[in-house]
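J.: Quick one: the structure is below, questions incoming.
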Amino acid sequence: MKRAGLYEYNSRPYLGYTLRGLLNIESFGSEPIRAAARRVLDRMSWDYALGSLNLRRFPPFRRQPQRATDTDLDVDDHTAVVKAWLSLGGVEGLKIRAGGRHAQWVGLTSYRLPDATADWILEKPADYFVQLGHGDDGSPEINSGGPGYLVTAGGVANDRWSQAVARPTTLMLEDGAMDLKELLQVSGPGNKFRQWNNTGVHRKFAVSAGPVLIPEGWNSGAILDGWSIYERAGQRIGVYSSDKLGMFCLLPEGEPIDLVQQLATANPDRSRLQTQFQWPGGSLIEYDVLAPKEKWVIVSVDGMPMDRDHGHWPLMKGDVPGWVK
């Protein structure tokens, strides 16, 4: 667990039972056992803070692949338990839509969220990028987040028992979306999730081997050379989409026509977009959207090779201001 986290990471429905067991022994075990359980709960809570936005999340998971069609963003058991903790801390107006049988354990046990973790759950104070390893037969979790946004990699179904579920890579904003269909997303190719490698996430950037799906009601503010700019919930999103390649990036403030021209100028050759993206005035990201499932899609940044063997990543690494260890 220290190296790769829970075997049934983000499990539907077993994560709730794991939380109940940990809460039980943290409250009523001997002190060494309580301390060990507290460390695991602290890390799980911190993982939740970095992989969620406004108490919504959409990570890859292991256990019960038939739940791959679940598209609600706030009905996993971890969200229910987190809402119960926050309510005891004075946060009002929270509604638990599922997992109440697990959330009630919060009122019966002693563990409480660390203040810093609760603060990050409620509001992201700064940009961050984290990678969570789940061992050589698990899916990594990769999150790029910050004030008002969260990019979550959909992961891979890379386990020997066919219990893991890869999901679309998504962009979550502070716009009240509660279902996958309301999120900008990219995945593929095709619709067979066990074949996907949806690990192509870097800082404020995502890429995969299928087209970008634009939610209903999103209207482009500018279009040029295959690029489109969308403005939503205070964010500006650049999108490039074709049948076999989709990517999106979060852009600084600016007029849509200026932003789309910057993207098109920085990336004038569409054929090169199959393997690399140039940030306007910034880094060059190289990727392989058809990478085998045991490899991170991102190949290099500014010519520096990345550690692509996600099966040997630590449980968490990355860049988070005010890191809670």
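J.: Given the conditions (1) at pLDDT 95 or above; (2) farther than 23 Å from ALA164 by Cα, and given that ARG56 satisfies all but one, which numbered condition is not satisfied?
T.: Result: ARG56 passes all but (2).
J.: On to the next question. Looking only at strands (runs of 3 or more DSSP E) that lie completely in segment 145-217, which have at least 1 residues being touching a helix residue (DSSP H, G or I) at 6+ places or on another chain (Cβ under 9 Å) and under 20 Å from ALA68 (Cα atoms)? Full working, then the answer.
T.: Working: elements: 149-152, 169-173, 184-186, 205-208.
Result: 169-173.
J.: Might you let me know whether segment 290-303 holds any residue that is in contact with a Phe, Trp or Tyr (Cβ under 9 Å, 6 or more places away or on another chain) and assigned to a helix (DSSP H, G or I)?
T.: Initially, segment 290-303 is screened for residues in contact with a Phe, Trp or Tyr (Cβ under 9 Å, 6 or more places away or on another chain), giving 293, 296-300.
Filter once more, so that each one left must be assigned to a helix (DSSP H, G or I): none.
No, the conditions are met nowhere in segment 290-303.
J.: Given the conditions (1) loosely packed, with under 14 Cβ neighbours inside 10 Å; (2) within 24 Å of GLY190 (Cβ to Cβ); (3) touching a strand residue (DSSP E or B) at 6+ places or on another chain (Cβ under 8 Å), which single one is not true for ILE257?
T.: For ILE257, the exception is condition (2).
J.: While we're here: Would segment 34-55 turn up any residue that is under 15 Å from the mean Cα position of the chain (by Cα), of a type in the set (Lys, Arg) and either under 21 Å from PRO114 (Cα atoms) or assigned to a helix (DSSP H, G or I) (or both)?
T.: Applying the first criterion (under 15 Å from the mean Cα position of the chain (by Cα)) to segment 34-55 yields 44-55.
Keeping just the survivors that are of a type in the set (Lys, Arg) gives none.
No, segment 34-55 contains no residue that is under 15 Å from the mean Cα position of the chain (by Cα), of a type in the set (Lys, Arg) and either under 21 Å from PRO114 (Cα atoms) or assigned to a helix (DSSP H, G or I) (or both).
J.: Limited to segment 262-277, what total is found for residues that are of a type outside the set (A, V, I, L, M) and in contact with a Pro (Cβ under 9 Å, 6 or more places away or on another chain)? Working first, answer last.
T.: Here is the first cut: in segment 262-277, the ones of a type outside the set (A, V, I, L, M) are 262, 265, 267-272, 274-277.
Applying the additional criterion that residues be in contact with a Pro (Cβ under 9 Å, 6 or more places away or on another chain) yields 262, 265, 267.
Going through segment 262-277 one residue at a time, the tally reaches 3.
J.: Could I ask something else about it? Let me spell it out: the conditions are (1) in contact with a Ser or Thr (Cβ under 8 Å, 6 or more places away or on another chain); (2) in contact (Cβ under 8 Å) with a residue 60 or more places away in the chain, and ASP47 meets all of them except one. Which number is the exception?
T.: (1)
J.: Search segment 57-71 for residues being in contact with a strand residue (DSSP E or B) (Cβ under 6 Å, 6 or more places away or on another chain) and not small (Gly, Ala, Ser), and hand back the single one that is surrounded by the fewest Cβ atoms within 10 Å (Cβ to Cβ). Spell out the reasoning first.
T.: Going through segment 57-71, the residues in contact with a strand residue (DSSP E or B) (Cβ under 6 Å, 6 or more places away or on another chain) turn out to be 58-62, 65, 68, 71.
Narrowing the set further to residues that are not small (Gly, Ala, Ser) leaves 58-62, 65, 71.
On the way: PHE58: 27, PRO59: 24, PRO60: 30, PHE61: 26, ARG62: 26, PRO65: 17, THR71: 15.
So, considering only residues that are in contact with a strand residue (DSSP E or B) (Cβ under 6 Å, 6 or more places away or on another chain) and not small (Gly, Ala, Ser), the one surrounded by the fewest Cβ atoms within 10 Å (Cβ to Cβ) is THR71.
J.: Please specify each residue of segment 218-233 satisfying the condition of being of a type in the set (Asp, Glu) and either assigned to a strand (DSSP E or B) or crowded, with 17+ Cβ neighbours inside 10 Å (or both). Even if it seems obvious, please write down each step before you answer.
T.: Start the filter on segment 218-233 by keeping residues that are of a type in the set (Asp, Glu), which leaves 225, 231.
The one that is of a type in the set (Asp, Glu) and either assigned to a strand (DSSP E or B) or crowded, with 17+ Cβ neighbours inside 10 Å (or both): GLU231.
J.: Kindly indicate whether VAL201 is in contact with a Phe, Trp or Tyr (Cβ under 8 Å, 6 or more places away or on another chain), among the β-branched types (Val, Ile, Thr) and at pLDDT 95 or above.
T.: no
J.: Oh, and also: Condition test on THR79, is it closer than 19 Å to THR152 by Cα and without any contact (Cβ under 8 Å) to a residue 12 or more places away in the chain?
T.: Working: closer than 19 Å to THR152 by Cα: yes; without any contact (Cβ under 8 Å) to a residue 12 or more places away in the chain: no.
In short, no.
J.: Based on this model, can you work out whether GLY93 counts as surrounded by fewer than 14 Cβ atoms within 10 Å (Cβ to Cβ) and farther than 22 Å from ARG39 by Cα?
T.: Details: surrounded by fewer than 14 Cβ atoms within 10 Å (Cβ to Cβ): yes; farther than 22 Å from ARG39 by Cα: yes.
For GLY93, the condition - surrounded by fewer than 14 Cβ atoms within 10 Å (Cβ to Cβ) and farther than 22 Å from ARG39 by Cα - is met.
J.: Moving on. Any residue at all in segment 113-130 that's crowded, with 21+ Cβ neighbours inside 10 Å, in contact (Cβ under 8 Å) with a residue 60 or more places away in the chain and more than 22 Å from the chain's Cα centre (by Cα)?
T.: no
J.: Considering each residue of segment 62-82, count those that are within 19 Å of the chain's Cα centre (by Cα), assigned to a helix (DSSP H, G or I) and not aliphatic (A, V, I, L, M), and give that number.
T.: 6
J.: Restricting to segment 15-70, name every residue that is aromatic (Phe, Trp, Tyr) and under 26 Å from GLY200 (Cβ atoms). Full working, then the answer.
T.: So the first thing to find is which residues in segment 15-70 are aromatic (Phe, Trp, Tyr), and the list is 17, 28, 46, 48, 58, 61.
Hits for segment 15-70 are TRP46, TYR48, PHE58, PHE61.
J.: Here is a follow-up. State the number of residues belonging to segment 234-263 that are more than 18 Å from VAL151 (Cβ to Cβ) and part of a loop (DSSP other than H, G, I, E, B).
T.: Looking only at that region, the number is 5.
J.: Any residue at all in segment 145-158 that is more than 17 Å from the chain's Cα centre (by Cα) and farther than 23 Å from ARG20 by Cβ? Steps first, answer last, please.
T.: Our first condition is that a residue be more than 17 Å from the chain's Cα centre (by Cα); within segment 145-158, this holds for 158.
Next, only the ones that are farther than 23 Å from ARG20 by Cβ stay: 158.
Within segment 145-158, one or more residues are more than 17 Å from the chain's Cα centre (by Cα) and farther than 23 Å from ARG20 by Cβ.
J.: Something else about it: Here are VAL301, VAL297, VAL324: which of them is at pLDDT below 95, closer than 30 Å to GLY138 by Cβ and surrounded by 14 or more Cβ atoms within 10 Å (Cβ to Cβ)?
T.: Numbers: VAL301 fails: at pLDDT below 95; VAL297 fails: at pLDDT below 95.
VAL324 is the lone residue from the list that is at pLDDT below 95, closer than 30 Å to GLY138 by Cβ and surrounded by 14 or more Cβ atoms within 10 Å (Cβ to Cβ).
The values are calculated or read from the model by the stated rules, or taken from the named source; none is laboratory data. Note that the structure is a prediction, hence the values are computed from the model and not measured. Glycine gets a Cβ as well: all are built from the backbone with ideal geometry, and neighbour counts include every protein chain shown.
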